[in-house]
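Laboratory data are not the source of any read-out in this text; all were calculated from the coordinates shown. The model shown is predicted, which means the values in this text are computed figures rather than measured ones. Reconstructed Cβ throughout: ideal geometry from the backbone, glycine too, with neighbour counts over all protein chains shown.
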């Protein structure tokens, strides 16, 4: 079966956010008040985003093996870089980087740190034809850079930035994986 993608000029009508997700978000925000470490707070936010992304998957065209967004700038906080380091075998290097490099964790068009990927990656979704991601054309995105345009994403981004305000490209923290 051939999948039909929308053209970037077509109107896209998004479904309403389910009440269960809104309730889960309120519960997550409440729980954050009782979590002691920033690392655990970040993990709880990521758990909520994973739940939210099951909803987003119903209208986003992103799929496994689609990695055009991994070739762009990937903004992370120092806390997120430390989270990656603490949950993988990769070590922060704080070295020179070239913005022309792909994300250092992109291996054979797959994310090698998918379960611990940063907020920017968890909230970047394409709504129209994924070919536009590869050409860097303006097109319809959901979430995107620091969650702009999606209130729950924006609030999560704000909390993460409060926990760790220093934001850099992921390639600043990690060098290309061999």
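Criterion first (farther than 24 Å from residue 102 by Cβ and in contact (Cβ under 8 Å) with a residue 24 or more places away in the chain) does residue 34 satisfy it? Full working, then the answer.
Numbers: farther than 24 Å from residue 102 by Cβ: yes; in contact (Cβ under 8 Å) with a residue 24 or more places away in the chain: no.
In short, no.
Yes/no per residue for (1) assigned to a loop (DSSP other than H, G, I, E, B); (2) touching a residue at least 60 places away in the same chain (Cβ under 8 Å); (3) closer than 22 Å to residue 129 by Cα; (4) within 17 Å of the chain's Cα centre (by Cα):
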site	(1), (2), (3), (4)
53	no, yes, yes, yes
60	yes, yes, yes, yes
69	no, yes, yes, yes
76	no, yes, no, yes
81	no, yes, no, yes
84	no, yes, no, yes
100	yes, no, no, no
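So, of the residues in segment 132-151 that are free of Cβ contacts under 8 Å to residues at least 40 places away in the same chain and part of a helix (DSSP H, G or I), which turns out to be farthest from residue 90 (Cα to Cα)? Outline the logic, then answer.
Here is the first cut: in segment 132-151, the residues free of Cβ contacts under 8 Å to residues at least 40 places away in the same chain are 135, 141, 144, 147-151.
Going one step further and asking which of them are part of a helix (DSSP H, G or I), we end up with 135, 147, 151.
Numbers: 135: 30, 147: 26, 151: 32 Å.
Across segment 132-151, the extreme among qualifying residues is 151.
Kindly provide the set of residues from segment 47-67 that are buried (at least 17 other Cβ atoms within 10 Å of the Cβ) and touching a helix residue (DSSP H, G or I) at 6+ places or on another chain (Cβ under 7 Å), ordered by number.
Of all residues in segment 47-67, those buried (at least 17 other Cβ atoms within 10 Å of the Cβ) come to 48-49, 52, 56, 60-62, 67.
Of everything in segment 47-67, those that are buried (at least 17 other Cβ atoms within 10 Å of the Cβ) and touching a helix residue (DSSP H, G or I) at 6+ places or on another chain (Cβ under 7 Å) turn out to be 48, 49, 52.
Please tell me if residue 45 is outside any loop (DSSP other than H, G, I, E, B) and under 13 Å from the mean Cα position of the chain (by Cα).
Working: outside any loop (DSSP other than H, G, I, E, B): yes; under 13 Å from the mean Cα position of the chain (by Cα): yes.
Answer is yes for this residue.
Keeping to segment 37-46, report how many residues are in contact (Cβ under 8 Å) with a residue 60 or more places away in the chain and out of contact with any helix residue (DSSP H, G or I) (no Cβ under 6 Å at 6 or more places or on another chain). Give the steps one after another, and end with the answer.
Keep residues of segment 37-46 that are in contact (Cβ under 8 Å) with a residue 60 or more places away in the chain, which gives 38, 41-42, 45-46.
Applying the additional criterion that residues be out of contact with any helix residue (DSSP H, G or I) (no Cβ under 6 Å at 6 or more places or on another chain) yields 46.
Number of matching residues: 1.
Output the number of residues of segment 104-125 satisfying the condition of being assigned to a strand (DSSP E or B) and either touching a strand residue (DSSP E or B) at 6+ places or on another chain (Cβ under 7 Å) or buried (at least 18 other Cβ atoms within 10 Å of the Cβ) (or both).
Restricting attention to segment 104-125, the residues satisfying the condition of being assigned to a strand (DSSP E or B) are 106-107, 110-111, 124-125.
From what is left, the residues that are either touching a strand residue (DSSP E or B) at 6+ places or on another chain (Cβ under 7 Å) or buried (at least 18 other Cβ atoms within 10 Å of the Cβ) (or both) are 106, 124-125.
Count: 3.
Out of (1) under 24 Å from residue 51 (Cα atoms); (2) in contact with a strand residue (DSSP E or B) (Cβ under 8 Å, 6 or more places away or on another chain); (3) assigned to a loop (DSSP other than H, G, I, E, B); (4) touching a residue at least 40 places away in the same chain (Cβ under 8 Å), what's the single condition that is false for residue 128?
Looking at each condition in turn, residue 128 falls short on (2).
Quick one: would you say residue 36 is within 20 Å of residue 87 (Cβ to Cβ), assigned to a loop (DSSP other than H, G, I, E, B) and over 21 Å from the mean Cα position of the chain (by Cα)? Break it down stepwise before answering.
Working: within 20 Å of residue 87 (Cβ to Cβ): yes; assigned to a loop (DSSP other than H, G, I, E, B): yes; over 21 Å from the mean Cα position of the chain (by Cα): yes.
Criteria met by residue 36.
Residue 11 is checked against (1) free of Cβ contacts under 8 Å to residues at least 24 places away in the same chain; (2) more than 17 Å from residue 142 (Cβ to Cβ); (3) loosely packed, with under 14 Cβ neighbours inside 10 Å and fails just one. What number does that condition carry?
Unmet for residue 11, out of (1) free of Cβ contacts under 8 Å to residues at least 24 places away in the same chain; (2) more than 17 Å from residue 142 (Cβ to Cβ); (3) loosely packed, with under 14 Cβ neighbours inside 10 Å: (2).
Can you spot a residue in segment 152-161 that is touching a residue at least 40 places away in the same chain (Cβ under 8 Å), surrounded by fewer than 16 Cβ atoms within 10 Å (Cβ to Cβ) and closer than 24 Å to residue 63 by Cβ?
So far as segment 152-161 goes, no, none of its residues is touching a residue at least 40 places away in the same chain (Cβ under 8 Å), surrounded by fewer than 16 Cβ atoms within 10 Å (Cβ to Cβ) and closer than 24 Å to residue 63 by Cβ.
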